[in-house]
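Single-structure report; data block below.
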Amino acid sequence: MDFIFSKEIKKHKSNNLPILALESTIIAHGMPYPENYHFAKNIELNCRKQGVAPATIAVLDGRIHIGLEDKELKKICESKKILKLSKRDLPFALAQKQCGATTVSATIWIAYKASISVFSTGGIGGVHREVEKHFDVSQDLKVLSETPIITVSAGAKSILDLPKTIEKLETLGVPIVGYKSNFFPAFYTRSCGLRIEKNVDTEKQVALLFLEHLRLDLCSSLLVVNPISKKNEIPQDKIDFFISKALILAKKQGVSGKNLTPFLLETLRKETKGDSLKANISLAENNVKLGAKIAKELSLCVNMAFN
Ligand code: PSU
Ligand code: MN
């Protein structure tokens, strides 16, 4: 694969320093401008403070960029025309010299191909509600099952059917490990009420777990779920009310496929007067902080093994 690495990523790669992969759909299609730009700059800064290079991934004029310069990041945040690219869209985007933001599925595939082992997002995609009517299951799940990378998320977005998403992750053989938590988080809330069997308390445990995962030649991602902070969570019954309203509106307006997730997030933002966006930013920032710490631990473990 042909990549354009930023100077910072090149430097970290050649010196075996830690790198954290970040997606661009969360900023281009998951948040409005200028909040998305402030968020993106802020998480990049938080990574650097920890000595970790932020590798924000996007496609610009048909080239895959790993690590964005400021004006490239701004373009992704401002543009109304930027495409939403999942893994299967990549060949077309490259051939047609398109500009697109990458979803979890496209980002982890690119990161893996570029030998980056840790990735943070807000919440992964999953099985949509009323799946029996439309069969909408995010490509994220399939790609998580075939890409060996650590993925840090606050569970899956609560606009989804979370019990079915958890079952599907099991079928696909994606291990889930709770970070200081025994429950699967529901994005805006700390728990969806369903227990997860495995949990860890430290970043080092995640790094060691992933090394075993690789030794076993498992090809799936290791999904680390990190609940939103208590301070910023939205009570389940409050957010559920707005989610139901947003789902009805989506049906009425015939929104489906790729547009559904961005539509629901935007409708929730308006309905909650910005509270859902605040929660989304807070949980994604937490995941980036945790992802950066895991990337550091993993790089220490790997460097120790080779020295
Ligand atoms: N996390 C967020 N906001 C987002 C996303 C994740 O906090 O907008 C994006 C990711 O890019 C994920 C996508 O891959 O939503 C899922 O889209 P879909 O349901 O269409 O597969
Ligand atoms: Mn879908």
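Annotations
- Number of the condition not met by V288 [criteria: (1) under 30 Å from F135 (Cα atoms); (2) in contact with a Leu (Cβ under 8 Å, 6 or more places away or on another chain); (3) assigned to a helix (DSSP H, G or I)]: (1)
- Qualifying residue in segment 267-279 (condition: more than 19 Å from the chain's Cα centre (by Cα), more than 16 Å from ligand 2 (Cβ to nearest atom), assigned to a helix (DSSP H, G or I) and modelled with pLDDT under 95): no
- Residue match in segment 146-160 (condition: of a type in the set (D, E, K, R), closer than 22 Å to L265 by Cα and at pLDDT below 95): yes
Residues are listed down the side, and each one gets a yes or a no for (1) away from ligand 1 (no atom under 16 Å from the Cβ); (2) closer than 17 Å to A28 by Cβ:
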| residue | (1), (2) |
| --- | --- |
| K75 | yes, yes |
| L90 | no, yes |
| V104 | no, yes |
| E130 | no, no |
| V137 | no, no |
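- Segment 233-246: number of residues that are part of a helix (DSSP H, G or I) and surrounded by fewer than 18 Cβ atoms within 10 Å (Cβ to Cβ): 7
- Here Y112 fulfils each of the conditions (1) within 12 Å of ligand 1 (Cβ to nearest atom); (2) buried (at least 19 other Cβ atoms within 10 Å of the Cβ) apart from (1).
- Picking from residues in segment 1-55 that are of a type in the set (G, A, S) and surrounded by 14 or more Cβ atoms within 10 Å (Cβ to Cβ), the one that is farthest from A111 (Cα to Cα) is G30.
- Residues located in segment 250-277, provided they are surrounded by fewer than 16 Cβ atoms within 10 Å (Cβ to Cβ) and either more than 23 Å from Q139 (Cα to Cα) or touching a Phe, Trp or Tyr at 6+ places or on another chain (Cβ under 6 Å) (or both): K252, Q253, K270, K273, G274
- Test: residue in segment 284-291 that is in contact with a strand residue (DSSP E or B) (Cβ under 7 Å, 6 or more places away or on another chain), of a type in the set (A, V, I, L, M, F, W, C), touching a residue at least 40 places away in the same chain (Cβ under 8 Å) and within 24 Å of L45 (Cβ to Cβ): yes
- Candidates are the residues of segment 79-97 that are surrounded by fewer than 19 Cβ atoms within 10 Å (Cβ to Cβ) and not aliphatic (A, V, I, L, M); the one that is nearest to M1 (Cα to Cα) is P91.
- Some residue of segment 254-262 being over 24 Å from V118 (Cα atoms) and charged (D, E, K, R): yes
- Among the candidates K80, K74, K84, the residue that is of a type outside the set (F, W, Y), closer than 24 Å to G123 by Cα and part of a loop (DSSP other than H, G, I, E, B) is uniquely K80.
The values are calculated or read from the model by the stated rules, or taken from the named source; none is laboratory data. Only a predicted model underlies this, so the values are computations on that prediction, with no experimental measurement involved. Positions of Cβ are backbone-derived with ideal geometry, glycine not excepted, and every protein chain shown enters the neighbour counts.
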